[in-house]
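The values are calculated or read from the model by the stated rules, or taken from the named source; none is laboratory data. All values reported here derive from a predicted model rather than from experimental measurement. Because the Cβ atoms are built from the backbone with ideal geometry, glycine has one as well, and the counts that use them run over all protein chains shown. We work out accessible area using only protein heavy atoms, side chains counted, and drop any ligands, DNA or RNA first. Shrake-Rupley method; radii C 1.70, N 1.55, O 1.52, S 1.80 Å.
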Number of protein chains: 2
Amino acid sequence: MSDIEIAQHASMQPIIGLAKKQYGIDAEHLDPYGHYKAKLSLEYVASLADKPDGKLILVTAISPTPAGEGKTTTTVGLGDALNRLGKKAIMCLREPSLGPCFGVKGGAAGGGYSQVVPMEDINLHFTGDFHAIGVAHNLLAALIDNHIHHGNALDIDPRRIQWKRVVDMNDRALRSIVVGMGGAANGYLREDGYDIVVASEVMAILCLATSRSDLKVRLGKIVIGYKSDKITPVYASDLQAQGAMAALLKDAIKPNLVQTLENNIAIIHGGPFANIAHGCNTVTATKTALKIADYVVTEAGFGADLGAEKFIDIKCRMADLKPSAVVLVATIRALKFHGGVNKEDLNLENVAAVEKGFQNLERHYNNITQHYGLPCVVCVNHFTFDTEAELALLEAKCKVLGANCVISKHWAEGGAGAQSLAQEIITVVDNRAPGCTFVYDDNISAWDKIETIATKLYGAAGISANAKIKAQLKVWDENYGKFPVCIAKTQMSFSTNPALKGAPSGHTLEISEVRLANGAGFIVAVAGDMMTMPGLPKQPAAERIDIDDTGKITGLF
Amino acid sequence: MSDIEIAQHASMQPIIGLAKKQYGIDAEHLDPYGHYKAKLSLEYVASLADKPDGKLILVTAISPTPAGEGKTTTTVGLGDALNRLGKKAIMCLREPSLGPCFGVKGGAAGGGYSQVVPMEDINLHFTGDFHAIGVAHNLLAALIDNHIHHGNALDIDPRRIQWKRVVDMNDRALRSIVVGMGGAANGYLREDGYDIVVASEVMAILCLATSRSDLKVRLGKIVIGYKSDKITPVYASDLQAQGAMAALLKDAIKPNLVQTLENNIAIIHGGPFANIAHGCNTVTATKTALKIADYVVTEAGFGADLGAEKFIDIKCRMADLKPSAVVLVATIRALKFHGGVNKEDLNLENVAAVEKGFQNLERHYNNITQHYGLPCVVCVNHFTFDTEAELALLEAKCKVLGANCVISKHWAEGGAGAQSLAQEIITVVDNRAPGCTFVYDDNISAWDKIETIATKLYGAAGISANAKIKAQLKVWDENYGKFPVCIAKTQMSFSTNPALKGAPSGHTLEISEVRLANGAGFIVAVAGDMMTMPGLPKQPAAERIDIDDTGKITGLF
């Protein structure tokens, strides 16, 4: 059965009753969205402040193949397994982006027998959070052009506006556009472009905000561009945009409750890109889950060089979160991919390629244990085509590395298939005090932060950038010195070259652009070609998606 | 108190219980969206098929001032008054568009003590229908550019694509744009533009569709542009877009239930523009309401020349609806406006101007009674500044015309203020068989349909168009001969010149453009300058909108 077929066979329980049964949450604290989705009130969230925190477990992955390694699937499987072992465990996930549903990737609510449901709703619109983020973003964009049209009292340089527009759709034709054509009634002609909603700074802000007032302050701090002197920033607050933007986010700020196929509660909230943003679900969701559950399993986007680093250095640092362990998801397929095997041949046995590709896993493992200061359990997300010999080799290599390695069959078996993993995680987290180390110190310069990440984690010899970028970072050091950095690079490699698989060393990380995300509170350093608006493939998944007269959806997978 | 303050003082009842209490609708047929909004299942809608229909009452208006004459307010007030008189009455309204909230107009959920609530939710996102429509529209746009990018097997002429993109935001900079800049990876450079979501043909289609399968068929029929031979249409179904678009609309197709300040059920569903589309809530909502209530009060956009004509000639004709009466809303302010008074002086007594402006009301009244074949009650939506002398003059003029005229104070008093109006309506509709006449016959040419509307209703001497437009209409007559026409002109005047107030005669209606809305099933004839993407004013309402830490919104009015 396909993912959607499995999901449609799920025996869901009404979410209001389930939240009461599992965590004692009364109906009055929940806003239902249909019978199987609900938002938790911020008043309830606030009421939990004095409760002790559960243990926080991060699920990350080795450098992924284009299909992904199954972080969400593993997060769900591990959460279900912990519940099977009698533990109170909640999963915290990112909301899927709508655009990719119509392209190649399909849905993003787990897979096989480790999914969150209702799958169609979660993938299509969900509770409207991303739409609200998109409108809040585009309201600010409209206010900018409107301000210039009506006299530009703020002296915004139309050539230095850095606030693009967003849409939750893979639409390459919108990457680079000209707006304001058609004469004076339509404003000023200028270059502009669209990003996908997950790349919006509003998304990053929503995911880091700790209250409505913090949200509003952060929205007001957004730098939309510069004045004609080229250096004076113009803030969203100069346009008095933050109140209306926060009003549009009035419900989006509330965490969403759904359930797994095994009727365990999961929170799905926020979903920033893991390249130009930090790639984790909201701080509100994570903190709430830690108050109501004893174990919280969460995920971060892309591989551990991107998502996990930002989870630690941006999210945990800002929100004072103390993780207890990391699950590093790997697949035999991905290891073979890193060992040089073509995409088409990944289902054929190739022990030598697994051995060769292992260096990718090894570097991620060492980064996690040495530089993030966290215990790491390697989880092999088992595929049907994996052979005994390949798995045995991987286990042996992990043993040499000193890594606990668990072969996990949650995709095929649900929580039952991940019980060894869950048992291992319980042992690890119950026997240490929570907490991690950061990769770099708050007080060093932005340049040094980037260099530290590149040399410590990526195996780079150093970093480079042109004089203009270096000068820009120095200017920002003065005003935004404490900001962490958010490196935007390909997820396919430790380097900026997607073709450099395994564990490349000695390369130079060339920074091609830097952006100030002043509302989110970090500096983005772009290394290599970075796509913030995907395109659709020649045969888009949209062509296969259908709905029948009863409302049953097919082709979403 | 402002509208939002009144709304925030409302004593709302949980919508699930209210629907059960008032209409016996069981909870299982409702998808809650929070506690005060719910969607009705299509299965429930289908189960009502064999029940008898209630009476359908249309609320329309004279040619409006920029502030509007209060159709929604009157619809709500009349519905509440009917309920006060012991009748089972439901109101069917259009969903407000998000964009105007941040501009001049503010919210669109009624006013004063005749509102639907929760007001903030209804104005901001509501149940996500417009977002779903926007995404479905933009998916098709992305599929078009993607198809051309990947080889253009359908031979779409990139210069003849008529499917623009949409956003629910007043954003003039997007009216006319160039997409596909930045080189080959970003597709083909071409001119494009954005309309506001309410102008999307997907909106018109959703509002006319009678089932999921009808929706899908209509979506597939959309003409997105033409092949390089200039005349062969390319349909959305050629891109296999209709299934995914319908899947995105899976919940948007379900009618939304809310309540009035007086705790009576209202259905708010769909909201197409009343110029380039037909300006009425969904057929599904109207038909459902007719099955569960004895009286259904609904509204159509802009004045009776636009909204009411399309309600009759497009919606009632297509859906076989039989209205029983029309309420023609007028204000003393608007009559003075039509009598030549400047906007700033509308609150000053001016009996002569009321008398002069009465010709506008008179023509609308005659159109309704003579050309739509419906009884018409004139409702004066009372304002604080109206004087006795002005009201007396208006009543006297109505008497001469033979029109029933009721001064109604629902804005200030809620349903209690509209009981005379309600009593009058009951008398009228209970004493005639439902049904109306159409302005033109199905079988005449599109040109003749336009001419009939212009000469019969607008007082025009005739219509004109260039040879290309005439030829285009003739081509369409062959393939789409039965289609009604949808005239897009200013709502400010019977003519195409907004400055020609009152009841201009002898003018020529110049058709500047014609568009085929093949999915919706009508031909749009554009007369005069037609804006399908509004702009924001110099001091946008967005600057005043705010939300506090408890989630309370202010400045939305």
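Once you keep just the Cα pairs under 8 angstrom separated by 6 or more residues, what percentage relative contact order results for segment B:130-248?
Values: 184 pairs, mean separation 37.7, N = 119.
Relative contact order here is 32 percent.
So for the pair A:Asp430, B:Glu191, with labels modelled 7 Å out along Cα→Cβ, what separation do we get in nm?
Taking the simple label geometry, A:Asp430 and B:Glu191 are separated by 7.1 nm.
When DSSP beta bridges are limited to those with both residues in chain B, what percentage is antiparallel, rounded to the nearest 5? Before the final figure, lay out each step's value.
Values: 30 of 68 bridges.
So the antiparallel bridges amount to about 45 percent of the total.
Taking the label point as lying 7 angstrom from Cα along the Cα-to-Cβ axis, what are the distances from A:Asn479 to the corresponding position in the remaining copies, in ascending order and in nanometres?
A:Asn479 label point versus its equivalents elsewhere: 5.7 nm.
Work out how much length B:Asp320 to B:Ser464 would gain on full extension: take 0.36 nm times their residue separation and subtract the Cα-Cα distance, in nm to one decimal. Walk me through the numbers before you get to the answer.
Working: separation 144, 0.36 × 144 = 51.84 nm, distance 3.15 nm.
Extra length from B:Asp320 to B:Ser464 when fully extended: 48.7 nm.
Quick one: how many lysine pairs does segment B:408-480 have with C-alpha atoms less than 29 Å apart and a gap of 8 or more or different chains? Give me the count, please. Write down the numbers at each step before the final one.
On the way: B:Lys449/B:Lys468; B:Lys449/B:Lys470; B:Lys449/B:Lys474; B:Lys456/B:Lys468; B:Lys456/B:Lys470; B:Lys456/B:Lys474.
The number of close lysine pairs in segment B:408-480 is 6.
Count the DSSP beta bridges whose two residues both fall in segment B:130-248, then state the antiparallel fraction as a percent rounded to the nearest 5.
Values: 8 of 11 bridges.
Close to 75 percent.
Using a 1.4 Å probe and counting only protein heavy atoms, arrange A:Ser97, B:Ser213, A:Ser11 so the residue with the most accessible area comes first. List each step's numbers first, then the result.
Details: A:Ser97 20, B:Ser213 55, A:Ser11 85 Å².
Result, largest first: A:Ser11, B:Ser213, A:Ser97.
Using a 1.4 Å probe on protein heavy atoms, which residues of segment A:528-543 have at least 40 Å² less accessible area in the complex than alone?
Buried by 40 Å² or more upon assembly, which counts only protein chains, are A:Leu536, A:Lys538, A:Ala542, A:Glu543.
Quick check: net charge around A:Ala141, other residues with Cβ under 9 Å of its Cβ, Lys/Arg +1 and Asp/Glu -1? Don't skip to the end; give the middle numbers.
Details: positive: A:Lys164, A:Arg165; negative: A:Asp145, A:Asp192, B:Asp171.
Net local charge, A:Ala141 excluded: -1.
Measuring with a 1.4 Å probe in the full set of protein chains, what accessible area per residue, in whole Å², belongs to chain B? It would help to have the intermediate numbers written out before the result.
Details: 18340 Å² over 557 residues.
That works out to 33 Å² per residue.
Only Cα pairs under 8 Å and at least 6 apart count here; give the relative contact order of chain B as a rounded whole percent.
Numbers: 1267 pairs, mean separation 114.7, N = 557.
Rounded, it is 21 percent for chain B.
Just to confirm the number: angle between the C-alpha axis of helix A:129-149 and the first principal axis of chain A, 0 to 90 degrees, nearest 10?
20 degrees
Just the number, please: carbon plus sulfur as a percent of the accessible area of the protein assembly as shown, 1.4 Å probe, no ligands or DNA/RNA counted.
Numbers: 18520 of 36710 Å².
Summing carbon and sulfur atoms, their accessible area is 50 percent of the total for the protein assembly as shown.
Compute for chains A and B the buried accessible surface, both sides summed, probe 1.4 Å, and express it in Å² to the nearest 100. Walk me through the intermediate numbers first.
Values: alone 21400 and 21360 Å², together 36710 Å².
Using a 1.4 Å probe, the pair buries roughly 6100 Å².
222 nm [θ] for the protein assembly as shown, helices only, -39500 (n - 2.57) per DSSP H run of 4+, per residue, to 500? Walk me through the intermediate numbers first.
Details: 35 runs with 352 residues, N = 1114.
The per-residue figure over the protein assembly as shown is -9500 deg cm²/dmol.
Between A:Ala471 and B:Gln162, what FRET efficiency follows from the Cβ-Cβ distance if R0 is 45 Å, with the result rounded to 0.05? Could the numbers behind the result be given before it?
Working: r = 48 Å, r/R0 = 1.06.
So, using R0 = 45 Å, E works out to roughly 0.40.
What are the label-to-label distances in nm, one decimal and shortest first, from B:Ser228 to the same spot in the other copies, with labels 7 Å along Cα to Cβ?
Result, one decimal in nm: 4.7.
Work out which residues of segment B:174-206 lose at minimum 30 square angstrom of accessible surface when the other protein chains are put back, relative to the chain isolated, with a 1.4 angstrom probe, and list them by number.
B:Leu174, B:Arg175, B:Ser176, B:Ile177, B:Val178, B:Met181, B:Asn186, B:Tyr194
Can you work out the PRE-style zone for A:Ser211? Point 7 Å along Cα to Cβ, and I want the residues of segment B:528-557 with backbone N under 13 Å.
B:548-551
Take every DSSP beta bridge with both residues inside segment A:446-527 and express the antiparallel ones as a percent of the total, to the nearest 5.
Details: 6 of 13 bridges.
Roughly 45 percent of the DSSP beta bridges within segment A:446-527 come out antiparallel.
Rounded to the nearest 0.05, what FRET efficiency is calculated for A:Asn443 and B:Asn152 with R0 set to 60 Å and r the Cβ-Cβ distance?
Values: r = 56 Å, r/R0 = 0.93.
So the FRET efficiency works out to roughly 0.60.
Per residue of segment A:374-391, in order, report the coupling 6.51 cos²θ - 1.76 cosθ + 1.60 (Karplus, θ = phi - 60°) as ³J(HN,Hα) in whole Hz, putting x for Gly and Pro.
Taking θ as phi minus 60°, the curve returns 10, x, 10, 10, 7, 10, 8, 7, 6, 10, 4, 7, 4, 9, 4, 5, 5, 5 Hz for segment A:374-391.
Taking R0 as 51 Å, what FRET efficiency do you get between B:Asn497 and A:Asp229 from their Cβ-Cβ distance, rounded to the nearest 0.05?
0.65
Using only atoms on other chains, find how many Cβ atoms lie within 10 Å of each Cβ of peptide B:95-102 and report the average.
On the way: counts 0, 0, 0, 4, 4, 0, 4, 9.
Taking the mean over all residues of the peptide, I get 3.
Please report the orientation-averaged projected area of chain A, defined via the convex hull of its C-alpha atoms, in nm². Walk me through the numbers on the way to the answer.
Numbers: hull surface 99.8 nm².
Dividing the Cα hull surface by four gives the mean projection, 25.0 nm².
At what distance in nm do the modelled label points of B:Asn479 and A:Ala352 sit from each other, each positioned 7 Å from its Cα along Cα→Cβ?
It is 6.1 nm.
Taking Cα pairs under 8 Å and at least six residues apart, what relative contact order does segment B:446-527 come out at, in percent?
Details: 139 pairs, mean separation 28.8, N = 82.
Once normalised by length, the contact order is 35 percent.
I want the local charge near B:Val197. Using Cβ-Cβ distances under 13 Å, sum +1 for each Lys or Arg and -1 for each Asp or Glu among the other residues.
Every neighbour counted, the sum reads -3.
For chain A, give me every cysteine whose Cβ has no other Cys Cβ within less than 4.7 Å, ordered by residue number.
A:Cys92, A:Cys101, A:Cys207, A:Cys280, A:Cys316, A:Cys376, A:Cys379, A:Cys436, A:Cys486
Starting from the Cα of B:Leu85, move 7 Å in the Cα-to-Cβ direction to define the label point; list residues of segment B:417-436 whose amide nitrogen is under 12 Å from there.
Counting backbone N atoms under 12 Å from the label point, the list is B:418-431.
Taking beta carbons within 10 Å but only from partner chains, what does the mean come to for residues A:123-133? Walk me through the intermediate numbers first.
On the way: counts 1, 8, 9, 1, 3, 7, 0, 2, 9, 4, 0.
Average per residue, whole number: 4.
Show me, bin by bin at 10 Å from 0, the whole-percent P(r) of the protein assembly as shown based on Cα pairs.
2, 10, 19, 23, 20, 13, 8, 4, 1, 0, 0
Quick check: the angle from helix A:212-221's long axis to the longest principal axis of chain A, C-alpha only, nearest 10 degrees?
50 degrees
I need the Kirkwood Rh of segment B:395-511: take the reciprocal of the average 1/r across all distinct C-alpha pairs and report it in angstrom.
Working: mean 1/r = 0.0566 Å⁻¹.
When all Cα pairs of segment B:395-511 are included, the Kirkwood radius is 17.7 Å.
In what sequence, highest mean first, do B:470-478, B:116-124, A:272-280, B:499-507 appear when ranked by Cβ atoms within 10 angstrom?
Working: B:470-478: 14.7, B:116-124: 24.0, A:272-280: 28.3, B:499-507: 16.7.
The packing order, highest mean first, is A:272-280, B:116-124, B:499-507, B:470-478.
From the mean inverse distance of alpha carbon pairs (Kirkwood) and the Cα radius of gyration, derive Rg over Rh for segment A:1-101.
Numbers: Rg = 16.0 Å, Rh = 16.3 Å.
Rg/Rh: 0.98.
So how long is each side of segment A:130-248 along the principal axes, counting just the alpha-carbon atoms, biggest first, in Å?
42, 33, 24
Between copies, how far apart are the A:Lys322 label points? List them in nm, one decimal, shortest first, with each point 7 Å from Cα toward Cβ, please?
Output for A:Lys322: 7.5 nm, nearest copy listed first.
Going Cα to Cα from B:Lys315, which aspartates and glutamates come in below 19 Å? Please leave out same-chain ones fewer than 8 positions away.
Qualifying aspartates and glutamates at Cα under 19 Å: B:Asp53, B:Glu95, B:Glu201, B:Asp214, B:Glu299, B:Asp305, B:Asp441, B:Asp442.
Which of the peptides B:345-358, A:308-321, B:374-387 is most tightly packed, and how do the rest follow, judged by the mean count of other Cβ atoms within 10 Å per residue? Don't skip to the answer; put the middle values down first.
Working: B:345-358: 18.6, A:308-321: 23.6, B:374-387: 21.0.
Those peptides, ordered most packed to least, come out A:308-321, B:374-387, B:345-358.
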